[in-house]
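Have a look at the structure below, then the notes.
Just so it is clear, none of the values below were taken in a lab; they were calculated from the coordinates. The model shown is predicted, which means the values in this text are computed figures rather than measured ones. So basically every Cβ, Gly included, is an ideal-geometry build from the backbone, and we count neighbours across all protein chains shown.
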Amino acid sequence: MAHNEHNRPKGNGIVMIAIGILIFIFAPNYFKNDLVGGVAIMAFGFAIGGFGFYTSFLKKKNR
């Protein structure tokens, strides 16, 4: 039980932040004609990045 910390996967939050940033930056270029689709994809990227930030940084403070 002393090594429970070593068995957990690490780095998932940073990957989710990077994916969210990439979606947030590149989505408007692909959805120039479809405003609703572009906004929905940008919101999805923002949500993924926010969840990654939570799992990466804020969750560690609560332990």
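For the reader, a short list of remarks on this structure follows.
- Each of Phe57 and Asn33 was given a label point 7 Å from its Cα along the Cα-to-Cβ line. The distance between the two points is 3.9 nm.
- Note on Val15/Ala40: beta-carbon distance plugged into 1/(1 + (r/R0)^6) with R0 of 22 Å gives a FRET efficiency of 0.50.
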